[in-house]
Amino acid sequence: CETIDFAVPACLSNSCEVIYLDVEVGDCTGDSTYIATINFMVNNAPSSTFGVSANGEFIGTYTLDELPLTIEDFPWDGGAADVVTVCMYSNNEPTDCCQTLEFAVPGCLNPGGPCEIAGLMIDTGDCTGDSTYNATIDFTVFNPATDTFGVWANATFLGTFGLNELPLTIEDFPWDGGSNDVITICIYQNNEPTACCQVLEFAVPGCLNTVCEVSGLTVDVGDCTGDSTYNATINFMVNNAPGSIFGVWANGNFIGTHTLDELPLTIEDFPWNGGSNDEVRV
């Protein structure tokens, strides 16, 4: 026998789910508070009551008919971003039907404070060549010295841009050759980069994943064909093969070349190395 646990189709699901949580920030109402308007949708709500927490601190309970909900004095946590959590209630108790959102605080907080870049994100798009692709960059900056920023791709300088160009699409973002690339953003002052920077490492698009990789190599041994040879059947998988030909080595000694359409490949006189284990390389 075998038992498997699997998900029922979505049309049968009656579980509560909070979706599309959004926060719009407004004017400051003090040196550490501001107006925040919260909105969301909920599927299969257990009741019409929900609770709101700001940066881990409970604010209060409200009803769905109050949405969108404006909180006049949302408390600032002191950084470039705050966090809001909403949870549906049942029998006057919070449930685990919740959603959390981190969002940028309004610029009216901490005027004249240090420059800070927050929320750097990048969306990768289609490849534009064998080593370039589209990349859309966006971020929030507080107290910038100027409205100009520089962009580096894998430590290579791409150029300067204006904050009014955000979100910024770079049509030929250069690939570094691996599974991840790195972007650096720095605010400029007097035509020089400042220390107000942020770095993000991100996955490159799949259209660039051209690195050859052999995986799942297996060997099934069979009958002996002599006092130091035996049958061995080799099989493996390969991604992004540069060709259809591969070579085989037995215990460091080259045996020969074969083609992928011969897999699984049986070598009738695989040479024994004399010990309890042999080694094959493809």
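The values are calculated or read from the model by the stated rules, or taken from the named source; none is laboratory data. Keep in mind the model is a prediction, meaning the values are calculated, not measured. Cβ sites come from the backbone with ideal geometry, for glycine too, and all protein chains shown count toward neighbours.
Among the residues examined, THR225 does not qualify as without any contact (Cβ under 8 Å) to a residue 60 or more places away in the chain, assigned by TED's automatic domain parsing to the domain that holds ILE137 and β-branched (Val, Ile, Thr). Pairs are defined by a Cβ separation below 8 Å, a sequence spacing of at least 6 or placement on different chains, a first member in segment 170-191 that is more than 17 Å from ALA203 (Cα to Cα), and a second member that is assigned to a loop (DSSP other than H, G, I, E, B); the pairs so defined are ILE187/CYS115; ILE187/PRO144; ILE187/ALA145; ILE187/THR146; TYR188/ALA145; TYR188/THR146; GLN189/ALA145; GLN189/THR146. Within segment 114-128, the set of residues being assigned to a loop (DSSP other than H, G, I, E, B) and in contact with a strand residue (DSSP E or B) (Cβ under 7 Å, 6 or more places away or on another chain) comprises CYS115, THR128. So which strands (runs of 3 or more DSSP E) are wholly in segment 35-84 and hold at least 1 residues that are over 18 Å from ASP96 (Cα atoms) and in the same structural domain as CYS98 (by TED's automatic domain parsing)? Here the list reads 69-75. With respect to being surrounded by fewer than 19 Cβ atoms within 10 Å (Cβ to Cβ), over 31 Å from the mean Cα position of the chain (by Cα), of a type in the set (Gly, Ala, Ser) and over 26 Å from VAL141 (Cβ atoms), SER47 fits the description. THR233 falls short on exactly one of the conditions (1) of a type in the set (Val, Ile, Thr); (2) within 30 Å of PRO174 (Cβ to Cβ); (3) at pLDDT 90 or above, and that condition is (2). Of the strands (runs of 3 or more DSSP E) lying entirely inside segment 157-265, those containing at least 2 residues that are within 36 Å of the chain's Cα centre (by Cα) span 168-174, 180-189, 192-203, 213-224, 229-239, 245-250. If you go through segment 140-159 and keep only what is closer than 25 Å to PRO114 by Cα and exposed (fewer than 14 other Cβ atoms within 10 Å of the Cβ), you end up with ALA145, ASP147, ALA155, PHE157, GLY159. The residue of segment 239-282 that is surrounded by the fewest Cβ atoms within 10 Å (Cβ to Cβ), among those that are among the aromatic types (Phe, Trp, Tyr) and without any contact (Cβ under 8 Å) to a residue 40 or more places away in the chain, is PHE254.
Here's the yes/no breakdown for (1) touching a strand residue (DSSP E or B) at 6+ places or on another chain (Cβ under 6 Å); (2) farther than 30 Å from ASN143 by Cβ:
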| residue | (1), (2) |
| --- | --- |
| LEU200 | yes, no |
| CYS224 | yes, yes |
| ALA232 | yes, yes |
| ASN240 | no, yes |
| GLY252 | no, yes |
| THR257 | yes, yes |
| ASP261 | no, yes |
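Within segment 117-139, restricting attention to residues that are of a type in the set (A, V, I, L, M) and either touching a helix residue (DSSP H, G or I) at 6+ places or on another chain (Cβ under 7 Å) or surrounded by fewer than 18 Cβ atoms within 10 Å (Cβ to Cβ) (or both), the residue that is farthest from TRP152 (Cα to Cα) is ALA118. Name the one entry in VAL83, VAL52, VAL105 that is surrounded by 18 or more Cβ atoms within 10 Å (Cβ to Cβ) and within 26 Å of the chain's Cα centre (by Cα). Answer to the selection: VAL105.
Yes/no matrix, rows are residues, columns are (1) over 17 Å from ASN277 (Cβ atoms); (2) hydrophobic (A, V, I, L, M, F, W, C):
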position: THR225; (1), (2): yes, no
position: TYR230; (1), (2): no, no
position: ASN235; (1), (2): yes, no
position: LEU260; (1), (2): yes, yes
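Pairing each residue of segment 133-144 that is in the same structural domain as GLY162 (by TED's automatic domain parsing) and modelled with pLDDT under 90 with any residue that is in a strand (DSSP E or B) and buried (at least 21 other Cβ atoms within 10 Å of the Cβ), provided the two are 6+ apart or on different chains, yields C-beta distances under 9 Å for VAL141/PHE149; VAL141/ILE185; VAL141/ILE187; PRO144/ILE187. Note on segment 145-156: residues that are part of a loop (DSSP other than H, G, I, E, B) and either free of Cβ contacts under 8 Å to residues at least 40 places away in the same chain or assigned by TED's automatic domain parsing to the domain that holds ASP82 (or both) amount to 3.
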